[in-house]
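*Asks:* Take a look at this one; I'll ask things after.
Coordinate-derived values only; no laboratory data. From a predicted model like this one, the values you see are computed outputs, not experimental measurements. Don't worry about glycine lacking a Cβ; one is built from the backbone with ideal geometry, like all the others, and counts go over all protein chains shown.
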């Protein structure tokens, strides 16, 4: 017994020592990055741990792969008790866990969950070898098979050891409570007691050797997420998904060389962004939903993370060594040495990758940090995007139109413009740049203004005092310009005494609601579909005219995925007589982007198929004669997509549909 205890102690010390040595390096590599505060909202973080980690909620969004992973994960939680038993039994064959060790229910759980792990592995092999989904393109397939084989042998040696103990008559749980192990024990019952003991001990030692070696290996493998995913989920943002992690810019810190503008090298990424790199499971769920990847662009959120992870492991230890010597190591520029510029600029910031990721990797923050460095530090961006930035800087809107024309869309509607010193209305209508200056989007503003007036809502607009919210500047990477616009808009709204805002643009809505509070702008912000749905429920608007149309509703990314508003637009459309709805295959949380987000509205799409044309093809395939939207960007992009197809599908905002039903044009008189 002392010899076995000494060998076990040696193996345990060796494996834990190697694990700790590697873990210390991994921690030091993460600490190379920029600090980011993720300490608040503890109750919400703990609840998310329960839902995402223990409950596997995000993995179960895809039933079969989710079941596979859940069976393996939950199985190993239960099998922690068998590992503890094995550690004791290699020293003392009569060892059992205190209090619960000989309980029948524990033996049943161990038996069933061990079998569940094997079932999960079988599902994993079916998915990889038979289904072979495209989302695994670029993942490390051999390593995945190696890990699956490793886990299989861990469970098989557990079953073999249990069967040998049952055959000896020394099992902890009553035989009837361990049906699978008891079944495996039957062929062993003819063996001598000595051979059974040797078989049991050999199984236990191999079982523990596999576990100890797996513990060390996972710190070097893509399965590092086993150790880091719970931490990464805990540290994920608790703000709404549409809120980017800010980059406060201090001119004094910049002049002193104490601040970086975005991510130029691997050490400029934040602690959370570096931890994301460890946590990627290479499952490819982000890749499968990415509109850029699905239309032939070079951007794969998965491959982006994998490439950055490889760079961190290749360059990080050298940087640590140089700093230990008191030297400053020259780190490799991430763009274009590690990440191609086309990858950085292909992102629409639609959020599909972040929502789909089972371990809460924040791909958009990483991409925007890369853009921030390119735009603010190096002035490198697509040529046509330069016009966007110049227009924002000089005219306070992306279109470069005079601010004096902000209210031109409302000509003839008697829409009140809130002047300085005027009392604040019940609702301020934030028109947004698209609805103020784009000819097609202006129709949304006119429809909404008519509906609000008809419902008796006290509202006004800011007119020339309304500036761009800064959303396109921020998503493009010009954080400084965004902060300037945000501070000026917040000052205007606060001075005007505004308390409630309605916006028909989800990008404005998201910025006002989720990002302006950091700059002191705390208002009640509604999307126009929310307000219109409420007005219909209250009977202040009565859609009565039948429209007789088959409508496919398109979910705007910044309304749906980024803010969770899916039902209000659909409920509103359901109140319109004659509107028959049909869903596109990709809708709701897995809706497909129109291609305009992330400042892509102002960039040419030169690689692959145009995203808006892909979405227009999908809408046309439903047979719908109308596409419903709730965003001016989506209206413009999808209208362009259908025009490129040459079909006669109409693209209408929900407000336009409601206006036609609730405020129909009077029929011409016979004398007209």
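*Asks:* Just the ratio, please: alpha-carbon radius of gyration of region 396-536 over 2.2 N^0.38 Å, N its number of residues.
*Replies:* Normalised by 2.2 N^0.38 Å, the Cα Rg of region 396-536 equals 0.97.
*Asks:* Quick check: residue separation of residue 42 and residue 192 times 0.36 nm, minus the Cα distance between them. What number comes out in nm?
*Replies:* Full extension of this stretch gives 48.3 nm more.
*Asks:* Please order 193, 282 by the number of other Cβ within 10 Å, starting at the fewest.
*Replies:* 193, 282
*Asks:* Using just the Cα positions, wrap region 154-248 in a convex hull and report its mean projected area in square nanometres, one decimal place.
*Replies:* 10.2 nm²
*Asks:* Could you grab the relative contact order for region 396-536? Cα pairs under 8 Å, six or more apart, rounded to a whole percent.
*Replies:* Averaging sequence separation for qualifying contacts and normalising by length gives 27 percent for region 396-536.
*Asks:* Can you tell me the length gained on complete extension of the stretch residue 621 to residue 322, counting 0.36 nm per residue apart and subtracting the Cα distance?
*Replies:* Stretched fully, the residue 621-residue 322 segment lengthens by 101.8 nm.
*Asks:* With label points built 7 Å along Cα→Cβ from the Cα atoms of residue 146 and residue 518, find their separation and express it in nm.
*Replies:* Distance between the two pseudo-spin positions: 4.0 nm.
*Asks:* Percent relative contact order of the chain, based on C-alpha pairs within less than 8 angstrom and at least six residues apart?
*Replies:* After rounding, I find 12 percent.
*Asks:* So how do 558, 145, 516 line up by other beta-carbon neighbours within 10 Å, fewest first?
*Replies:* 145, 516, 558
*Asks:* In addition: Could you calculate the contour length gain from residue 21 to residue 571, that is, 0.36 nm times the residue separation minus the distance between their Cα atoms, to one decimal place in nm?
*Replies:* Fully extending the segment from residue 21 to residue 571 adds 192.3 nm.
*Asks:* Here's another thing I want to ask about it. Let me check I have the definition right: for the chain, take the eigenvalues of the Cα gyration tensor, multiply each by 5, take square roots. What are those semi-axes in whole Å, largest first?
*Replies:* 56, 30, 21
*Asks:* Quick one: 81, 238, fewest Cβ neighbours within 10 Å first, how do they rank?
*Replies:* Neighbour counts put them in this order, fewest first: 238, 81.
*Asks:* How large is the convex hull of the C-alpha atoms of region 257-377 per residue, in Å³?
*Replies:* 99 Å³
*Asks:* For region 349-463, what number results from the quotient of the Cα radius of gyration and 2.2 N^0.38 Å?
*Replies:* 1.41
*Asks:* Per 10 Å bin, what percent of the C-alpha pairs of region 538-662 does each bin hold, from zero upward?
*Replies:* Pair shares across the bins are 13, 46, 32, 8, 1.
*Asks:* How far is the Cα center of region 398-470 from the Cα center of region 508-549, in Å?
*Replies:* Answer, in whole Å: 15.
*Asks:* Still on this structure, please answer the following. Please give, to one decimal in nm, the separation of the simple spin-label points placed at residue 340 and residue 609, each 7 Å out from Cα toward the Cβ.
*Replies:* Using points 7 Å along Cα→Cβ, the separation is 1.9 nm.
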